[in-house]
Amino acid sequence: MALVKAGVVVLDCAEPEKLAVFYKELLEAQETDATANRVEIRGADGTRLAFRRDVNATPPSWPRPENSLQAHLDFLVDDLDAAERKVIGLGGRPLETNYAPGPYEERGYADPAGHSFTLRRVPSTAPKQG
């Protein structure tokens, strides 16, 4: 029997209730626990995130080096454009991306509290061509 039963990624922020709403909408998640200083959610796929109140929280400045990357989340999506519209509609913002022409296989964003995350297109199951 495993000693550790489950893990939760916890993001520090000034307003956990507001950040939980952003991720609940993005992940189509349910709130599973809430206290005065912490909100936890679980996505339909089982992804568990929690948001802990820290009134002195400083958002990471990625990709700038002044404030190191504290945590980074990756989410798999089928449609990058549709997912991007949802992120921006919920208050997220795009971060610096590659400048190569053509469609990107991944895109970087910051949530409303400044935590960075990546939307990554679900890899094709077809063999690589060429």
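Just a few scattered comments:
- Restricting the range 18-34 to residues that are exposed (fewer than 13 other Cβ atoms within 10 Å of the Cβ) and closer than 30 Å to Asp81 by Cβ, the residue that is modelled with the lowest pLDDT is Glu28.
- Taking the conditions (1) at pLDDT below 85; (2) open to solvent by 60 Å² or more (accessible area, probe 1.4 Å) in turn, Ala100 satisfies each one other than (2).
- Residues that are among the hydrophobic types (A, V, I, L, M, F, W, C) and either open to solvent by less than 40 Å² (accessible area, probe 1.4 Å) or at pLDDT 90 or above (or both) do not occur anywhere in the range 58-70.
The values are calculated or read from the model by the stated rules, or taken from the named source; none is laboratory data. Fair warning: this is a prediction, and the values are worked out from it, not measured in the lab. All Cβ positions, glycine included, derive from the backbone under ideal geometry; neighbour counts span all protein chains shown. For accessibility, only protein heavy atoms count, side chains too; no ligands or nucleic acids. Shrake-Rupley method; radii C 1.70, N 1.55, O 1.52, S 1.80 Å.
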